[in-house]
Amino acid sequence: MTAVQRTRSTRSHALHSSRVRRPLNLSHGTWRSRVRHRPDPGGGGGRPAKAAPIVLLVDDEQAIRTICRVNLEGDGFTVLEAKSGAEALEEVMRERPSLVLLDVMMPGVDGWGVAEQLAADAETRDIPVVFLSARATPEDRLRAQALGAVGYLEKPFDPLELAGIVRDVLERVARGEREQLNRDLPHER
């Protein structure tokens, strides 16, 4: 082996070893991140790491869930997935997410039904719901408003903007602006 070949081999090994990542297991139904806390970049002096907001992403289309998950996790969110309304309700009861991103059109229990059940339960009614749907009529927005939603994103949407939208909604809800978000729902575009 020549000196050039050894150098290339060493570089290749270094590149591959620096890219080692934990494999994702997406084959068993609902994918959930095992990391629930963001690392404290300042060292924190022994304080616990800040918990990452948990977003439950509900859509029957795998491609939509994947692109949303990648963008949300890239911005520090913990993402849970559900591919049906029934799964979504189970996840909400089990995990109590910070926010639910909810598709309207799904088989079985649709997004409207999920939102109705969340709003009717004293333990889940305060979880913010943002609809993510191809349905874009004024009637759909009014129905989302009546169900207490705090956002409505129309498909197709820019997935690169999703994390910023979710973070903005969570910050505004934390500041007590939930009712204002709901009132603005029929008028935002």
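The values are calculated or read from the model by the stated rules, or taken from the named source; none is laboratory data. Computed from a predicted model, the values in this text were never measured in an experiment. Neighbour counts run over all protein chains shown; Cβ positions are idealised from the backbone, glycine included.
Of the residues that make up region 162-171, is at least one closer than 14 Å to Phe131 by Cα, surrounded by fewer than 16 Cβ atoms within 10 Å (Cβ to Cβ) and either free of Cβ contacts under 8 Å to residues at least 12 places away in the same chain or polar (S, T, N, Q) (or both)? No, that holds for no residue.
Suppose the filter is more than 13 Å from the chain's Cα centre (by Cα), surrounded by fewer than 18 Cβ atoms within 10 Å (Cβ to Cβ) and either part of a loop (DSSP other than H, G, I, E, B) or modelled with pLDDT under 95 (or both); does Arg125 pass it? So Arg125 fits the description; yes. Take Arg69 and tell me if it is in a helix (DSSP H, G or I) and within 15 Å of Pro159 (Cβ to Cβ). Yes; evaluated as a whole, the condition is true for this residue. Of everything listed in (1) farther than 26 Å from Val70 by Cα; (2) of a type outside the set (Phe, Trp, Tyr); (3) out of contact with any strand residue (DSSP E or B) (no Cβ under 9 Å at 6 or more places or on another chain); (4) assigned to a loop (DSSP other than H, G, I, E, B), the single unmet condition for Leu142 is (4). Residue check: is Leu89 under 23 Å from Glu161 (Cα atoms) and either charged (D, E, K, R) or modelled with pLDDT of 95 or more (or both)? No; evaluated as a whole, the condition is false for this residue.
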